[in-house]
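Reading through the C-alpha cells given below for one structure.
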Amino acid sequence: MPDLAKAAPALFVILWSTGFIGARYAMPWAEPFTFLWVRFALSFAFLLLLIPVVGARPLPARTAFHSGVAGILMHGIYLGGVFWAVHRGLPAGVAGLIVGLQPLLTALMAGAFAGEEVDSRHWLGLVVGLIGVAIVLSPKLGDFASGITPATVGVGLAGVIAMSAGTVWQKRFVGNADLITGTLCQYLGGFLFAFPISLFFESRQFVLNGELVFAMLWLVLVLSLGAIFLLMFLIRKGAVARVASLFYLVPAVTAVMAWALFGETLTLIQIGGMAVTTLGVALASIQPARTRLAAR
C-alpha cells in the first residue's frame, strides 16, 4: 500500500484536527464522559458490523488485553482528560499548548520503554516543533480566565501523558494485530473507563440538537474510525517517536479550520508559527539516507 503510506500522514493530521472542531460543537450540549462513552459504544457497534464484512481476525486473549489497555490510555484517559478540562473552562489555547507536549513525551517514552533510538536531529525537530506550536497558540494565551486551575491543567496534562503512554504501549505489546479487532478492543477499554465516571459523577443528560448529532456522527465515523485506523497504520509502519511528531501539526491545522468555520483570528504570527512547526516535523520525521537504504 505505497500510496496509502505516502498519503496517510497528511490525511491523519487533517482528520485528527477536526476532533477539536467536533468537541467545540458538542461540549455545550453534553457532559464530557457521558458524550465519550456514547461515542465509544457507537464506534464499537460499527466495528462489530464490519468484522464479518472484512473478515477481521480474532485476537489472542493477551493481545486483546493489551489493546484494551491502550484504549483506556489513548481514548478514555486522554480524551476524557482534555474534554473534562475544556468543559471546566480551560481555554482552548492553553489546552492546545498542553497537547503540544505529547510528541516530546512520546519520544522520551519510546526511547525508555520501546527501545527506539531518538537521535539529536530528532530531538531538535521536536523542540523546534514545540516552539512553533507555542507561536501558533500565542495570540490566544492572553485569555487567562478562571478556568486555568491546578485541576484543569493537571487533568489535561495527565491526558497527554496517557496518550503518549498508549501510543508506546500499542507499538510494544500489540504489534501487527488485526486493525479492526484491535481497535474494537481499544474502544471497549475506553468505554469501560468512561462509563463508570459518567455513572457516578455526571448527570448523563444530553441536549439533543443538530450540533450535537453532527458532532457525534463526525467524531464516531471520521475520528474514532477513520483517524484511529490511520494512527494504528502509522504506528505499525513507522517509529513511534516519528509518528508522534505529526501531532505538532494539529494546532496549526485546527487554527486554520477555526478561522474558516468560526471566524477566529489567524494572524501573521500564527502563520509564521505554522511554518516553524512544519520545519520541526520535517526534522523529526525524515529518515537519514542510510536508514532508508537499510530499510529497503
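The values are calculated or read from the model by the stated rules, or taken from the named source; none is laboratory data. Because the structure is a prediction, the values reported are computed rather than measured. When we count neighbours, we look across all protein chains shown, and the Cβ atoms used for this are built from the backbone with ideal geometry, even at glycine.
Before moving on, here are some points about what is shown:
- Residue match in segment 38-55 (condition: closer than 30 Å to Pro139 by Cβ and of a type in the set (A, V, I, L, M)): no
- Comparison of Gly100, Gly96, Gly81 shows that the only residue that is at pLDDT 90 or above, touching a helix residue (DSSP H, G or I) at 6+ places or on another chain (Cβ under 6 Å) and under 24 Å from Ile21 (Cβ atoms) is Gly81.
- Spans of helices (runs of 4 or more DSSP H) in segment 27-87 with at least 2 residues hydroxyl-bearing (Ser, Thr, Tyr): 32-54, 61-71
- Selection within segment 167-206: residues that are at pLDDT 90 or above and of a type in the set (A, V, I, L, M). The member of this set that is surrounded by the fewest Cβ atoms within 10 Å (Cβ to Cβ) is Leu199.
- Top-ranked residue of segment 102-126 - restricted to ones that are hydrophobic (A, V, I, L, M, F, W, C) and closer than 26 Å to Ala275 by Cα, ranked as surrounded by the fewest Cβ atoms within 10 Å (Cβ to Cβ): Leu124
- Any hit, segment 231-243, residues being without any contact (Cβ under 8 Å) to a residue 60 or more places away in the chain and not in a helix (DSSP H, G or I): yes
- Residue among Phe191, Phe200, Phe195, Phe173 that is without any contact (Cβ under 8 Å) to a residue 60 or more places away in the chain, part of a helix (DSSP H, G or I) and either over 16 Å from the mean Cα position of the chain (by Cα) or over 28 Å from Gly111 (Cβ atoms) (or both): Phe200
- Hey, Leu108 within 20 Å of the chain's Cα centre (by Cα), at pLDDT below 80 and not in a helix (DSSP H, G or I) or not: no
- Top-ranked residue in segment 128-166 [being in a loop (DSSP other than H, G, I, E, B) and touching a Gly at 6+ places or on another chain (Cβ under 7 Å); ranked as modelled with the highest pLDDT]: Gly147
- Test: residue in segment 29-41 that is surrounded by fewer than 24 Cβ atoms within 10 Å (Cβ to Cβ), over 24 Å from Val168 (Cα atoms), of a type outside the set (D, E, K, R) and without any contact (Cβ under 8 Å) to a residue 24 or more places away in the chain: no
- Single unsatisfied condition, Ser67 versus (1) polar (S, T, N, Q); (2) farther than 23 Å from Val220 by Cα; (3) out of contact with any Ser or Thr (no Cβ under 7 Å at 6 or more places or on another chain): (2)
- A Cβ distance below 6 Å, combined with a sequence gap of six or more or placement on separate chains, defines the contacts here; from segment 4-24, residues that are closer than 10 Å to Leu219 by Cα reach residues that are of a type in the set (Ser, Thr, Tyr) and buried (at least 20 other Cβ atoms within 10 Å of the Cβ) in the pairs Phe20/Thr254.
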